[in-house]
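J.: Structure incoming, see below.
Laboratory data are not the source of any read-out in this text; all were calculated from the coordinates shown. Keep in mind that this is a model prediction, so the values were computed, not measured. For neighbour counting, all protein chains shown are included, and Cβ atoms are generated from backbone atoms with ideal geometry for every residue, glycine included.
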Amino acid sequence: MKKFLLLSLLVSGALLSGCTGKTTPAATDKTDQAPGVESKQGDTTKSGTLVKQGAKYYIKSPAGVMDEVETYSVDFESYVDKQVTVTGQYSGDTLFVGVIE
């Protein structure tokens, strides 16, 4: 019985030793993201109503979601409370707009 137990341990140890040292690459495919997770790389286009609250501007989607937007090149003031489509790039949670239509 001791020989069988010792043999079992040696065989299982040999089999399991092949499992160490293997790593799996990090997932980079967008299909691995949870549904509804928005990519914040590259250009992003959003449509909705441009809203001003205090000194900040937001684009309000038809579903009521408000995303903060900023710009260095567009005059948002003339678009407040109008339906717009903006294109820009994210920095953190803020969309920096380069084009507004």
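J.: Label Asp75 and Val51 with points 7 Å out from Cα along Cα→Cβ: what is the distance between them in nm?
T.: Simple spin-label model gives 2.5 nm for this pair.
J.: Can you tally the net charge around Leu50? Count Lys and Arg as +1, Asp and Glu as -1, for every other residue whose Cβ sits under 15 Å from the Cβ of Leu50.
T.: -2
J.: Please give the net charge around Val99, taking every other residue with its beta carbon less than 14 angstrom from that of Val99, where Lys and Arg add +1 and Asp and Glu add -1.
T.: -3
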